[in-house]
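Heads up: the structure comes next, in structure tokens.
The values are calculated or read from the model by the stated rules, or taken from the named source; none is laboratory data. Only a predicted model underlies this, so the values are computations on that prediction, with no experimental measurement involved. Don't worry about glycine lacking a Cβ; one is built from the backbone with ideal geometry, like all the others, and counts go over all protein chains shown.
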């Protein structure tokens, strides 16, 4: 079945450091790919998405490119801030009609120190 | 525009009891999905409702059931609670016209003792 694998955390960085969180997937067909963020005590928020190969999703300085050849969707940010401390989830959506359930990675906790 | 809301925020139940969790979808959204997120894990898809019908289900037993109402709000019911049901239960809504945009509520934290 379809699955998502994320790099394990926690990841601890200093402010202004470069961030990469790896995500690879296994899927039949052509899924859509997402990064969600969960700030402490809050619900999940869509950070960015890509719906087809070579698409680049971007938001709030974060970017991820849908790489079909390597089945990857790595999250990057050039300069992290303390406010980016959160848990980041990679997910894929099976494009099966209206039933677009999300399949999730385990999440990667990011802590950014001042 | 009101976002997705869930109630209650927290709940403590005893093994064997039944629980009902509620979700109000975002205005204009006709599709609601429910997820279970155990501590330190990613969410697991429970089921999805579209126009009051269940149209997708994950690997959860029948004691997990749901409803969607004409206003698109939804309930998740869990019977015969087990200790392993302790988790954060998340509701997400979307419009069938924007299938890639799911909006999540803050969740209900269920503790089964």
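Figures for the structure shown
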quantity	calculated
Checking residue B:38 against (1) more than 9 Å from chain A (Cβ to nearest Cβ); (2) over 26 Å from residue A:109 (Cα atoms), the condition it does not meet	(2)
The range B:41-60: number of residues that are away from every other protein chain (no Cβ under 11 Å) and farther than 15 Å from residue B:110 by Cβ	1
Test: residue in the range B:61-84 that is in contact with a strand residue (DSSP E or B) (Cβ under 8 Å, 6 or more places away or on another chain), within 14 Å of another protein chain (Cβ to nearest Cβ) and at pLDDT below 90	no
Residue in the range B:12-32 that is without any contact (Cβ under 8 Å) to a residue 24 or more places away in the chain and within 11 Å of chain A (Cβ to nearest Cβ) present	no
Filtered residues of the range B:97-113 (kept if at pLDDT 75 or above and either crowded, with 17+ Cβ neighbours inside 10 Å or within 11 Å of chain A (Cβ to nearest Cβ) (or both))	B:101, B:102, B:103, B:104, B:105, B:106, B:107, B:108, B:109, B:110, B:112
Within the range A:1-95, strands (runs of 3 or more DSSP E) holding 2 or more residues that are within 14 Å of another protein chain (Cβ to nearest Cβ) and surrounded by fewer than 20 Cβ atoms within 10 Å (Cβ to Cβ)	A:3-6, A:44-50
Selection status of residue B:74, under 20 Å from residue A:4 (Cα atoms) and under 11 Å from the mean Cα position of the chain (by Cα)	no
